[in-house]
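Visitor: Can you keep this structure in mind? I'll have questions shortly.
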Amino acid sequence: MEFTLLIVIIVLALVFDYINGFHDAANAIATVVATKVLSPFQAVVWAAFFNFLAYWVFGFGVADTVAKTANTLEINLVVILAGVIAAIIWNLFTWWQGIPSSSSHTLIGGFAGAAIAHAIAVHGFFEYTIVNGAEIHKAYWYDTVNWYTAGKDGGFPSGVMVIVAFIVLAPLLGALMSYLISIWLLSASKKSIYPKIFTAVLMLLTIWFVESQMIYYDQIKKPRFDSHFWSVVFESHNIKWFLVAFIILSISSFCLLFSSLNLHQSASWLKKMQLLSSAAFSLGHGGNDSQKVMGIIAAAVTVYIHTSGIAQESLPHWLDVVLPNEEGDFRMPEWIPLACYSAIAAGTLSGGWKIVKTMGSKITKVSSFEGVAAETAGALTLYFTEHFKVPVSTTHTITGSIIGVGLTKRVSAVRWGVTVSLLWAWVLTIPISAILAALIYYFLSLFF
């Protein structure tokens, strides 16, 4: 029975990943479709390709954060099953209504809600004892969920409260970054030496910063090649920072030439740059959202090992999962990330046209100029949050970025009525998913 439940969870998690793809396809393609840079079909193929390409770019930091949403030693597979089912239901409902809600927060809310329901069902609202090896400590029902964990060695903290905080912070970061990029581009279009000096300094700072973030051969745990050079170039951590440098340096190069271009030339270059910015955002979307499903599958395997009593050594190779621990151990079979990236890419190919309309035209009127600024800001926000292992919402990020470019025209350029409706959907996603998952958990517990 336990093994059957595990297989069902894996299948449903991949189904959720597929739904996530077409639900969130609008995040990456709405602006290129709205500005007619690509046809809808070309846009989804473009986005799906870069969704899958993210497989070679990003690590497993976000997956680890999601997997540790709840204490895997205190839950069972029914908890994860209920969380995934709740996430699928809410995603399909919001897709049907054309609401660009967060697939990420749906999954987190469902996982946490089912875990709390399980703790209350088993222990009630009273104090209970947890024995973990030689350690014994007291706990309550709410301790099942990882609400907040301080970062190790000054690192970034994790937990549900950090994820909740980024409901506000992710769109704010996207809005601020897209606003600044828009101002930068507008200034660069004028025949003045100061924007060019600023751009040149920014290029030098970008090169310095990216070089400081790189991992060299002696720091790579598992080099991909015998060659030192190619191992450094294709190290996933380094690829991400190379992309950041490429994005910023590409826009910088355009800014140095912007003032010398006529209107037709500027429009032509901006459309070409929009292909770059949408590709960059699709990479961030694939890397961020696929990892969340990887985390759920990894958590399910960990719970299966704990509840079934099977020794780790006796597991088949395709189930040999070890979440990161204090000893530095971490293993994830290659099929898990490969399946997750494939599922989200396939989902993106299916599109999500109701949400495309909301993102591409209902928030603010989008041109190629706004598209480049919004997608670039969204991509950079996703890359930096992934670096800190924070599973943010790509939907919130790109929506905030689109609002940011709208604000550069005037406050009234943003359709605040639509935006307020989106904000309500964002705020309600986690609690509704949690309540729905709790109800599904209690229902499933009647049979398992």
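The values are calculated or read from the model by the stated rules, or taken from the named source; none is laboratory data. No experiment lies behind these values; they were computed from the predicted model shown. Cβ coordinates were reconstructed from backbone atoms using ideal geometry, including for glycine residues, and neighbour counts include every protein chain displayed. Heavy atoms of the whole protein, side chains included, go into the accessibility calculation; ligands, DNA and RNA do not. Shrake-Rupley method; radii C 1.70, N 1.55, O 1.52, S 1.80 Å.
Visitor: Being in contact with a Phe, Trp or Tyr (Cβ under 6 Å, 6 or more places away or on another chain) and over 23 Å from MET1 (Cα atoms) is the filter here, so list the residues in region 88-118 that pass it.
Guide: THR106
Visitor: Only residues that are in contact with a His (Cβ under 8 Å, 6 or more places away or on another chain) and surrounded by 16 or more Cβ atoms within 10 Å (Cβ to Cβ): list them for region 208-256, please.
Guide: LYS240
Visitor: Which pairs do you get when a residue that is farther than 18 Å from VAL57 by Cα, found in region 202-226, comes within reach of a residue that is β-branched (Val, Ile, Thr), reach meaning Cβ atoms under 8 angstrom, with the pair 6+ apart or on two chains?
Guide: LEU202/ILE248; MET203/ILE248; THR206/VAL244; THR206/ILE248
Visitor: Do we have THR129 as at pLDDT below 85, polar (S, T, N, Q) and either farther than 30 Å from ALA280 by Cβ or part of a strand (DSSP E or B) (or both) here?
Guide: It is true that THR129 is at pLDDT below 85, polar (S, T, N, Q) and either farther than 30 Å from ALA280 by Cβ or part of a strand (DSSP E or B) (or both).
Visitor: Could you please find all residues in region 132-175 being aliphatic (A, V, I, L, M), at pLDDT 85 or above and closer than 16 Å to THR72 by Cβ?
Guide: VAL145, VAL160
For (1) open to solvent by 30 Å² or more (accessible area, probe 1.4 Å); (2) of a type outside the set (Gly, Ala, Ser), each residue gets a yes or a no:
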position	(1), (2)
ILE19	no, yes
HIS23	no, yes
THR31	no, yes
ALA34	yes, no
PHE49	yes, yes
LEU53	yes, yes
ASP64	no, yes
ALA70	no, no
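Visitor: Same structure, new question: From the list LEU204, LEU186, LEU173, LEU180, exactly one residue is under 30 Å from PHE246 (Cβ atoms), under 20 Å from the mean Cα position of the chain (by Cα) and either aliphatic (A, V, I, L, M) or open to solvent by 50 Å² or more (accessible area, probe 1.4 Å) (or both). Which is it?
Guide: On the way: LEU204 fails: under 20 Å from the mean Cα position of the chain (by Cα); LEU186 fails: under 20 Å from the mean Cα position of the chain (by Cα); LEU180 fails: under 20 Å from the mean Cα position of the chain (by Cα).
None of the other options fit; the residue is LEU173.
Visitor: Residues that are modelled with pLDDT of 80 or more and touching a Lys or Arg at 6+ places or on another chain (Cβ under 8 Å): does region 300-317 have at least one?
Guide: No, region 300-317 has no match at all.
Visitor: Taking the stated definitions as given, is PHE41 closer than 30 Å to SER368 by Cβ, touching a Ser or Thr at 6+ places or on another chain (Cβ under 9 Å) and either surrounded by fewer than 24 Cβ atoms within 10 Å (Cβ to Cβ) or at pLDDT below 85 (or both)?
Guide: no
Visitor: Same structure, new question: Does ALA165 qualify as being open to solvent by less than 30 Å² (accessible area, probe 1.4 Å) and out of contact with any Leu (no Cβ under 8 Å at 6 or more places or on another chain)?
Guide: Criteria not met by ALA165.
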